Amino acid sequence: MTTMKAVVFKGPNRIEIEEVPKPVPGPGEALIRITATTICGTDVHIVRGEYPVKPGLILGHEPVGVIEELGAGLENEYAVGQRVIVGAITPCGQCFYCLNGAHSQCGGALGGWRFGNTINGAWAEYLLVPHARANLALIPDKLSDQDVLLCPDIFSTGLSGAESGNIRVGDTVAVFAQGPIGLCATLGAKLKGASLIVAIDSNPHRLHIARHFGATVALNVREHNPVPKIKEMTDGRGVDVAIEALGQQETFEDALRAIRPGGTLSSLGVYSGKLVAPYEAFYAGLGDQRIVTTLCPGGKERMRRLMAMIEHRRVDLSPLVTHHFALDAIEEAYTVFSEQRDNVLKVALYPDATRMPAKTLGDALVEAL
Ligand SMILES: [Zn+2]
Ligand SMILES: [Zn+2]
């Protein structure tokens, strides 16, 4: 039996590198060799035991790779050796939910999210891709692995916050929290044609990047209470659309208070426990507000569109990929990311360390010594 290296979830706060069987693709499935992947805030929830997955599962849902082997039925669609990404969400395209347009809920609630949730994920040398025909997206030749690394999840999710909020040209928008997803939501608000874009966070470095990504005002919550400030900037009304990108009661509530009557709260955060909508912010249920939630849109057509935005230089996500590690250094990479050390935004992981960008390979070697 051939084996591969993978990062396996062993239980709360325990991940380990192990040799596991290399998967063999069945009909309609593809095996890709992972060339780069990354760690998501959701993975941190999983490792901490806040979002339950089965021990023994390989984590990671943001794959960049090369087609290694094709299962039956894909011969005329793809070829071994092609460079591809796969969305974090892998819809089948054929079930009740997919055919009703709720692709991320494929098969049932959150069902489109399979990698590193219900099936083995991308923190490994190889990844088995289900429903490959709907999900393998070819990477344009001009783009590097690093260029497209955030398409499978972060860019798709962040942008969807602006899309689901149905931002119109000239709208006023507030984006609560400027982590990687919030920053992509800020970028999405700009792409959708918002006028005033208020970025809110407590980290000055992240607020600085938010300005670079299109925020017209950056508010540090350590210095300002964001809701009265937003009311001041919008003739006392509140913004047309607020995007919540953290998943906490406080930011949800602020986002609700920040929208005008008839406005939209577009929620991207992953919440736990009970979420409360205060009576007065909810206008007793009579404020004509819309509250919408979105799980990362996936599928190959979504991925193609996102990569086209990068290829044609409409967006540049490279400032978000701040650190590079060999997959073997997962523990260190996880610590840097989960503890937000060293102004980290996203860390790239490479199962094959020789694929790391040259300028950081030296740094990583020094760290490894
Ligand atoms: Zn994620
Ligand atoms: Zn489906």
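The values are calculated or read from the model by the stated rules, or taken from the named source; none is laboratory data. Just so it is clear, the model here is predicted, and its values are computed rather than measured. Cβ atoms come from the backbone with ideal geometry, glycine included; neighbour counts cover every protein chain shown. Side chains included, ligands, DNA and RNA excluded: accessible areas come from the protein's heavy atoms. Shrake-Rupley method; radii C 1.70, N 1.55, O 1.52, S 1.80 Å.
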Practice prompt. Just name one of Leu286, Ile259, Pro297: the one whose Cα is farthest towards the positive end of the charge dipole of region 258-327 (beta-carbon charges, Lys/Arg +1, Asp/Glu -1).
Written response: Pro297
Item to complete: Assign unit charges at the C-beta atoms only (+1 for Lys and Arg, -1 for Asp and Glu), then state the dipole size of the chain relative to its Cα centre in Debye, rounded to the nearest 20.
Response: 760
Worksheet item: Residues in region 284-319 near a label at His205, defined as backbone nitrogen under 15 Å from the 7 Å Cα→Cβ point?
Response: 319
Worksheet item: So what is the 222 nm mean residue ellipticity for the chain from helices alone, if each DSSP H run of at least 4 adds -39500 (n - 2.57) and you divide by all residues, rounding to the nearest 500 deg cm²/dmol?
Response: -7500 deg cm²/dmol
Response to the item:
Which residues qualify? For Leu74, with a placed amide H closer than 5 Å and at least 5 residues away or on another chain, they are Gly28
Item to complete: Rank by packing, highest mean first: peptides 65-74, 324-333, with packing defined as the count of other Cβ atoms within 10 Å averaged across residues.
Response: 324-333, 65-74
Discussion item. Just to be sure I understand the model, the point goes 7 Å from the Cα along the line to the Cβ. What's the resulting Leu286 to Asp342 distance in nm?
Written reply: 5.6
Worksheet item: With +1 on each Lys and Arg Cβ and -1 on each Asp and Glu Cβ, how big is the dipole of region 217-369 about its Cα centre, in debye rounded to the nearest 20?
Response: 640
Worksheet item: What ranking do 223-229, 99-105, 184-190 get when scored by the average of other Cβ atoms within 10 Å per residue, highest first?
Response: 184-190, 99-105, 223-229
Worksheet entry | Net charge of neighbours whose Cβ lies under 14 Å from the Cβ of Pro261, counting Lys and Arg as +1 and Asp and Glu as -1 | +1
Response to the item:
Stokes-Einstein, Kirkwood over Cα pairs, the chain, 20 °C, 1.002 mPa s; D in µm²/s equals 102
Worksheet item: Under a Cβ-Cβ cut-off of 14 Å, what is the net charge of the residues other than Tyr126 that fall near it, where Lys and Arg count +1 and Asp and Glu count -1?
Response: -4
Fill in: Mean Cβ neighbour count within 10 Å, used as a protection proxy, ranking 317-323, 48-54 highest first
317-323, 48-54
Worksheet item: Once a ≥ b ≥ c are taken as the square roots of the eigenvalues of the Cα gyration tensor of region 18-74, is the result rounded (a/c under 1.5), prolate (a/b larger than b/c) or oblate (a/b not larger than b/c)?
Response: prolate
Fill in: Per residue value of the accessible surface for the chain (all protein chains in place, 1.4 Å probe), Å²
44
Worksheet entry | Filter on Lys5/Lys54; Lys190/Lys229; Lys300/Lys346; Lys274/Lys346; Lys10/Lys346; Lys190/Lys274 - keep pairs with C-alpha separation over 26 Å | Lys274/Lys346; Lys190/Lys274
Item to complete: Specify the residue with the greatest mean-square fluctuation among Cys40, Cys296, Cys95, computed from a Gaussian network of the chain linking alpha-carbon atoms under 10 Å apart.
Response: Cys95
Discussion item. So if the hydrodynamic radius of region 269-334 is defined as the Kirkwood radius over C-alpha pairs, what does Stokes-Einstein give as its diffusion coefficient at 10 °C and 1.306 mPa s, in µm² per second?
Written reply: 94
Practice prompt. Mind jotting down the distance between the C-alpha centroids of region 1-53 and region 222-292, whole Å?
Written response: 36
Worksheet item: What is the Å³ per residue value for the convex hull set by the Cα atoms of region 194-301?
Response: 136
Discussion item. Cut-off 10 angstrom, C-alpha nodes, Gaussian network model of the chain. Which of Tyr279, Tyr350, Tyr126 fluctuates the most?
Written reply: Tyr279
Discussion item. Taking 30 Å as R0, compute the FRET efficiency from the Cβ-Cβ separation of Lys10 and Glu311 and round it to 0.05.
Written reply: 0.15
Response to the item:
Residue span Tyr271 to Val24: 0.36 nm per residue of separation minus Cα-Cα distance leaves a gain in nm of 85.3 nm
Worksheet item: In 10 Å bins starting at 0, how do the alpha-carbon pair distances of region 18-124 split up by percent?
Response: 14, 40, 37, 8, 0
Worksheet item: Share of the chain's accessible area from carbon and sulfur, percent, 1.4 Å?
Response: 51
